[in-house]
Amino acid sequence: MKVPVFWGCRILTSQYAYEMSVREVFQKLNIELVDLSETNCCGDPIKSVKDSAANYLAIRVLALANATGLDGLLVPCNRCHFAISEAKNVLNKNKNLDEKIKGLLREEGLEYNSYIKIWHVIDFLHDFIGLESIKKATQKPLKDLRLATHVGCQIIRYSDLGRVDNAENPRKLDELVEIIGAKTVDYAEKLDCCGAPLMYSHPSSALSLAGTKIKALQSLGVDGLVISCPDCGLMFDFRQKDAMATVGAKVNLPVIYYTQLLGLALNVEVEKLGLHLNQSPVEQLLMKISA
Amino acid sequence: MNVGLTDLMSMAKPNIEAREKFLSKLGNKELVNCFQCLKCTSGCTALKLLELKPHEIVKLVNLGFVDELASSDIIWTCVTCLKCVQRCPQKASPYHIIMVLRNMAVEKEVQIPEEYLKAFSRILETGLAEASQEVSTRKMEVFDRESLNLPKINFPRESFQAVFMKIMEEK
Amino acid sequence: MPRIGVYVCHCGLNIAGVVDVEKVADYAGKLKDVVVARHYVYMCSETGQRMIKEDIKAHNLDRVVIATCSPRMHEETFRKTVAEAGLNPYLLEIVNLREHVSWVHSEEPEKATEKAKDLVKMGVARVKLLEPLEKRRVSVEKKVLVVGGGIAGIQASLDLADAGFRVYLVEKTPSIGGRMAQLDKTFPTLDCSACILTPKMVDVARHPNITLLTNSEVTNVSGFVGNYEVSVIKKPRYVDEQKCVGCELCTQVCPVKIPDEFNEGLSQTRAISIYSPYAVPKIAIINPNHCLRLKYDKDVCGKCLSACEAKAINFAQQPEEFMLKVGAIILAVGAEVFDASKMPELGYKRYKNVISNIEFERILNASGPTKGEIFSPQSGVSPKTVVFVQCVGSRDKRFHEYCCRVGCMATLKQAILVREKLGKNVKIYVCFNDMRAFGKGYDEFYRRARELEIEFVAGLPSDIRSAPDGSLYFDVYDKGTNKLLEIKPDLIVLANGLVPNRDLGKISALFHVSRSADGFLLEAHPKLRPLESLTAGIFIAGSCQGPKDIPDTVAQASGAAAKVIDLLMSGVIELEPLTAVIDKNLCSGCQICESLCPFSAIEMKKETVEGVEKVKAEIVEAMCQGCGLCVSACPTKAIKMQHYTDEQFLAQVEACCSEEKTRRGR
C-alpha cells in the first residue's frame, strides 16, 4: 500500500532521526511512503504574517499530494498537520479564498482536491494499521520500561477541527507504546506545550517551558519521554541542555521518537533509527531495553 | 522590540472602524460572546513567563482598541498551544484573534520579531522555512542528509516564487 | 348578498406608525359587499369591541373582517365579541396587519399601506365564503395522570386530589421524593429538605384520591384531551406490598452488594433493599439484575426468604398492567445532573478529591454515605481547603448553552454548610463566572456566605491537576486582584448543571410533546403559557420544562394542577370545529389519509353500500388537530378542511391577483 508523505521543513533540515525512523518502520509494516514531487513549507510561520498566503502554502501541499494520484497524505509533523487541516477548513467556509487559491494553483498546473484525508503518524499507526497488527509485527517487546508520552498540542487541539486524538485525554500514543510492551504513566503536565512556536520571538521563555516540563518528568522517575513531532523533538531532545539550563536542572531525560521506539520493537538496527543523533541521553534507555 | 501594551493603552481611545475591519478579517463574531470567565487566562501557557492574558485581549478588541494591540509586543508572546480555543465555553478563540492582530501588525509595518521575516525570505528563496543543517551525534560525529542516506529534498519548481509573492503582496 | 363590516386597527402606533390605516379603511369601504368600514386605535379594547357589536346590530352585518395583529393574539377575543352580537363566531376573518405588514415593512410605509389594502381585499373575499360552525362538546374523565413523583408531581397530585379529582401518580423509581429527597438542606432558608418533603410524601400515600404506582412506567398513550387512555406497567418488586413491613431484615442478610443509586454510587446497598431513607412506600425491592436467584434463574441463595418474618418475598411476582382512563396528564419527570466526566480536564472520576455537587449533597446529608461528615476522599480526614467550581457543563457551547439556574445557589448553600460543619479551620473558595442569586432572599444568602469568609474568586480554572502523591492543585486568574492564584485544595466540588432527563426522548414520543432546542420539554408559549405543552390536555411542570429550584417547581406544579382543574372541572370541554370532514360519497377507501394522519384521527369503517361491503374513512373529530395533511393527500378530493376550504383560499388568490389591483389610487 502506497501513501504520500509530506515532511515539512524541520524534519527535512535537522530532525533527521524522525524521518529515518518513520521510513524504516513504515517499510517494516509494508507501507510504501511516496515522496511528493516537490515540497514547500506548510505555511505555519506565515500565519503570523499573512494568513491567506499561509493557507495558500498549505493547500499547495495538498495539491502536490493530489498530483500523486494516491489516497491520503501522511504528515508526521504536528504543526504542519494543524496548518493543513485548518487551511482545508478555511477554504470550505470561504468561497472567495477558495477560488483565489485554486486560481493560483492553476497557474502552476496544480489542482486542489479537498477530499484528501490527512494522517499523522499516530493515527495512521493506531487507527489505520491497528494495534493488533503492530503487536503481531513486534519481535522484541520492550518489557520493564516505564515511559511518559508527550503527544503535543496541535494534533489534539482544537476538537471542532477534527483532530488525531481526544484533546483532554489523548490515549492513542500511550496505547501504541503499551502494545509494544512498555508501560506508560499519567502525569499532571501531560497536556503542556513544549514551547517550540515561541522560539521565534522569545527563545529563552520557550526553552523555559520545555525545561519545566522535563524537570517535572525527571522527578517522576520515568525511563524516557516518547514524542512524535519534530518541533517537540527540537525542544525536548535537541535543546534539552539549554532548556535545563534555564530552569537550573541537570540533563537526565532520554527523549525518543515513537517511531524510533517502535523500530526497536520491530528489530530494526539502532543506527537506521537515527538513535545516534538524539542529543538527550538515550543510552540509559537503550541499556534498559537490551538488559 | 515594540511597545508594551500598558503604555499604548494609557491615552488610547476606542476606534470603531478598526474594530469593524478586524471583525471582517476574523470572519466570525464569536468574540462578542466572550463573558470574561477567565478560563483562557487561567490556563494560558504564556501567562506566567510573559504575562499574556487572552481574556484581556478579547475584551480590548471588543472595545475597539485594535490598533494598540496590533502595535504592542504582547501579541507575539502567544505560544499557539490552542488551549484557549479548546476550552473557551463561548468559542471566542483568543488564538485566532491574536493571529489576526499579528497580520494587522505586519500590514501596519509595525516592527515584528525578525525570525518571521527571515522565515519568509527563506520560503521565498528555497520553498522551505528552515535551512539544511549539519547535526552531530552524542559522540560528536557530524552528519547531514546525504551522509545519512536520506533522499534529496525536492525544492519547488521555479514558478513557485512568483506565485507565492503574488498572494503575499495582495491587499 | 353578504353584508360585511371591516375594522382596521391602529394598534396604537404599532400598525398606524407604518400603515396609513385611514386609507386602508377608506379602501375597504369601497369594496363590493362591504357595508361599513372603520378604523380605531385599539380594536381589542372595550370601546373597539362595542363598536363592532353595535355595527352588527345596526347594519345587520353577517360577516366581519378585522384587520389587526396576529390572530394568535386576539382571534378568540373577537370571536366572543361577534358571538355576543348574535353572529356565528366563525364568520369572522382576521387580517394580520402587524406581524405581516407593519413589523416587517417598517422602512417602506407606502408599499406597506398598499400591501395592507391587498390583504384586506383578500380577507373580504374569504369571509364571504366562510360557513357558520359550532364548537364540539365532549365529556371528560375527571381523573388525572401525573408522571413523575418528585416534588412537582407530589405537589400537583395533592392539589388535584384535594380538589376532588382522582389522581394516578406514576413514578419510575421504587419511591417518590425525586431529587429533593436527596438534598440535605435547601436554600435560602437552610430548611432540612427531608423535613419539609416527607410530610407531603406521606400525605400522597395516605390520600384517598391518589393511587400511587411506584416502580412503574407509562408504556402507551392514546386518545385525546379529556379522554386519554394510558397503559402503565408496574414492574415487580418481588416483594408483596401488602405484607412487607419495611423492617429491612432482608437487606441485612443479602450477600450481593450493589452501588447505592440514591447515594449516587458513593456507598453500597444490597440486591434487596429499601430504595432510600424515608422511602414512600417503605417496601423492599429486589434488583433482578443483581439478585442471584433472579439473575441466574436458579434456586440459589434465598437468604432473604428465610429472614423475612412477614413472608413477603415472592420471586414469582409478575409485572402488572393497568389501563387508565384520564382527562388530563401532567408531566413532571424532572431533570438529571451533568456528567462531568465529559470534561476530563476537571478531573472528575480521575481524581478522588474531585466530586460533583449532587455527590456532595449526599455526603452532607446525615442519612448519607458518611453520616453527614465531610472529609477529603483521598486522605479520609477533614479537608483544609475546599474549592467549588461553577458552571460545569452549563453556559458552555461545547455542552449546554443555558444557565442551570440553581448552580450558584446550591454552591452557596454547600459552602455555608461546610463553614458551619468545619468551622474556621477550613479555607473555602468559590471560583465563579457570575454569581446568580436572583430569588427572594437569595442575594441576602450570598451576603451571608461572604460574611462567613467564603472567598469568591472571579475566574474559572482551565484545568485541575494532580501531583504524583495524589494531591490536587490548580491555577485560576482572579479578575478582582488581577493575579494568578495557585490553589491546593483537598476537596473540589464541581457545580454540575441540570440537564434534560435521559428519558425525555421516550416521553416526547409517548406523549406527543415537543422539546425545545435545549432538550427540555417545550411549553406552548415561553411567557404566557409555561405550563401547557402544545398537545391539548398535557401539561408540564418542574425541571422537565427547564432547570429550576424548589420554589419555582412548586409554583409550576400548583399552576399545572390549577390548569387541569380549569380544564376538567365542568366535566365537559369544547373543542374547535377546525377539523377535516370526509365526503363518504367521494371516498374510495384507499387509506392514504389514515396512514398519514399524525394524530391517529382517521379510522377506516366498514360500510355496506348497495349490498357491497366497502371501507370508508372517517374522521375522529375529537382527535383531529386540523393540520390538513389528509386534505392535500386525498386523491379524490373527498376531504375538506372546515374553515379552510380550497374555495376560500382560491378566492383569496383571485382577490390578490385580480384586475382591480391595476386600478390604484381610486
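Please work out how much length the chain gains when fully extended from A:E99 to A:V247, using 0.36 nm per residue of separation minus the C-alpha to C-alpha distance, in nm with one decimal.
So the extension gain works out to 48.4 nm.
Treating the angle as unsigned and between 0 and 90°, give the value, to the nearest 10°, between the Cα long axis of helix B:16-26 and the longest Cα principal axis of chain B.
Taking Cα atoms only, the helix is inclined about 40 degrees.
For the stretch C:491-535, state which trypsin sites (Lys or Arg not before Pro) are in a DSSP loop and have at most 16 other beta carbons lying within 10 Å of their beta carbon.
Filter output for the stretch C:491-535: C:R502, C:K527.
Using modelled amide H (1.01 Å from N, peptide plane; none on Pro or chain starts), what sits under 5 Å from the amide H of C:E336, excluding residues fewer than 5 places away?
C:V499, C:N501
Check which residues have an amide H placed less than 5 Å from C:T211's amide H, if you skip close sequence neighbours.
C:V167, C:Y168, C:L169
In straight Cα distance, which lysines are under 28 Å from C:K637, not counting same-chain residues fewer than 8 positions off?
Candidates past the 8-residue exclusion: C:K121, C:K128, C:K135, C:K584, C:K605, C:K606, C:K614, C:K616.
Among the lysines, select those whose C-alpha is under 17 Å from the C-alpha of C:K57, and discard any that sit fewer than 8 residues away in the same chain.
Within reach: C:K80.
Quote the relative contact order of chain C in percent (integer), defining contacts as alpha-carbon pairs under 8 Å separated by 6+ residues.
Answer for chain C is 13 percent.
Within chain B, what's the longest stretch lacking GluC sites (Glu not before Pro) that sit in DSSP loops with no more than 16 other Cβ atoms inside 10 Å?
It runs B:52-108.
Non-local amide H neighbours of A:V3 (under 5 Å, H modeled in plane, Pro and chain starts lacking H): which ones?
Residues meeting the criterion, in which the H sits 1.01 Å from N, are A:E32, A:L33, A:V34.
Hydropathy first: keep DSSP H helices in chain C averaging at least -1.0 on Kyte-Doolittle, then drop any whose Cα extent along the axis falls short of 24 Å, and list what survives.
Correct list, ordered by number: C:109-129, C:550-568.
7 Å from Cα along Cα→Cβ at both B:K166 and C:T189: what's the point-to-point distance in nm?
Result: 7.7 nm between the two label points.
Report, in deg cm²/dmol and to the nearest 500, the calculated mean residue ellipticity at 222 nm for chain A, where each DSSP H run with n ≥ 4 adds -39500 (n - 2.57) and the sum is divided by the residue count.
-13000 deg cm²/dmol
Which residue, B:Q133, B:Q111, B:Q86, tops the fluctuation ranking in a GNM of chain B built on C-alpha contacts under 10 Å?
Highest fluctuation among the options: B:Q133.
What does the average come to when, for each residue of peptide B:44-56, you count the partner chain Cβ atoms lying within 10 Å of its Cβ?
Mean shielding count: 4.
Helix B:54-63 sits at what angle to the longest principal axis of chain B, using alpha carbons and giving 0 to 90 degrees rounded to 10?
60 degrees
So, by mean Cβ neighbours within 10 angstrom, what's the order for C:618-628, C:130-140, C:456-466 with the highest one leading?
Put in order of decreasing packing, that is C:456-466, C:618-628, C:130-140.
Identify the GluC sites (Glu not before Pro) of the stretch A:53-132 meeting these criteria: DSSP loop state and at most 15 other C-beta atoms within 10 Å of the C-beta.
Of the GluC sites (Glu not before Pro), the ones in loops of the stretch A:53-132 whose Cβ has at most 15 other Cβ atoms within 10 Å are A:E111.
Any idea how many Lys pairs in the stretch A:1-112 come in under 15 angstrom at the alpha carbon, given 8 or more places apart or on separate chains?
Value for the stretch A:1-112: 6.
Calculate, in whole percent, how much of the Cα-Cα pair population of the protein assembly as shown lies beyond 57 Å.
So the portion of pairs separated by more than 57 Å is 35 percent.
Which of the helices in chain A, when you take each full DSSP H run, stretch at least 20 Å along the axis at their Cα atoms and have an average Kyte-Doolittle score of 0.0 or higher?
A:51-67, A:203-220
Count the lysine pairs in the stretch A:190-291 whose Cα atoms sit under 14 Å apart, keeping only pairs 8 or more residues apart in sequence or on different chains.
7
Put +1 on the Cβ of every Lys and Arg and -1 on every Asp and Glu Cβ in chain B; which of B:T6, B:F35, B:F164 then has its Cα farthest towards the positive end of the dipole?
Working it through, the farthest residue towards the positive pole turns out to be B:F35.
Stretch C:K584-C:V245 to full length: gain in nm at 0.36 nm per residue minus the Cα-Cα span?
Between C:K584 and C:V245, full extension yields 115.9 nm more.
Calculate the FRET efficiency for B:K25 and C:E99 from the Cβ-Cβ distance with a Förster distance of 35 Å, rounded to the nearest 0.05.
Approximately 0.40, to the nearest 0.05.
Relative contact order, percent, of chain B when contacts are C-alpha pairs under 8 Å separated by at least 6 residues?
22 percent
What translational diffusion coefficient, to the nearest whole µm²/s, does chain C have by Stokes-Einstein, given a Kirkwood radius computed over alpha-carbon pairs, a temperature of 37 °C and 0.692 mPa s viscosity?
Estimated via Stokes-Einstein, D reaches 112 µm²/s.
Based on DSSP, what percent of beta bridges with both residues in chain C are antiparallel, to the nearest 5?
50 percent
Which whole number gives the average count of other chain Cβ atoms within 10 Å of the Cβ atoms across peptide B:118-131?
5
On a 0 to 90 degree scale, rounded to 10, what angle separates helix B:114-126 from the longest Cα axis of chain B?
40 degrees
Cross-link partners among lysines for C:K413, C-alpha distance below 20 Å, same-chain residues fewer than 8 apart left out?
Those lysines meeting the cut-off are C:K185, C:K371, C:K384, C:K421, C:K424, C:K427, C:K440, C:K548.
Loop only per DSSP, at most 11 neighbouring Cβ atoms within 10 Å: give me the GluC sites (Glu not before Pro) in the stretch C:12-107, ordered by residue number.
Hits after loop and neighbour filter: C:E107.
Values quoted throughout were computed directly from the atomic coordinates according to the rules given, and no laboratory measurement underlies them. Everything numeric here is computed off the predicted structure, so don't read it as measured data. Here Cβ is always computed from backbone atoms with ideal geometry, including for glycine, and neighbour counts include all displayed protein chains.
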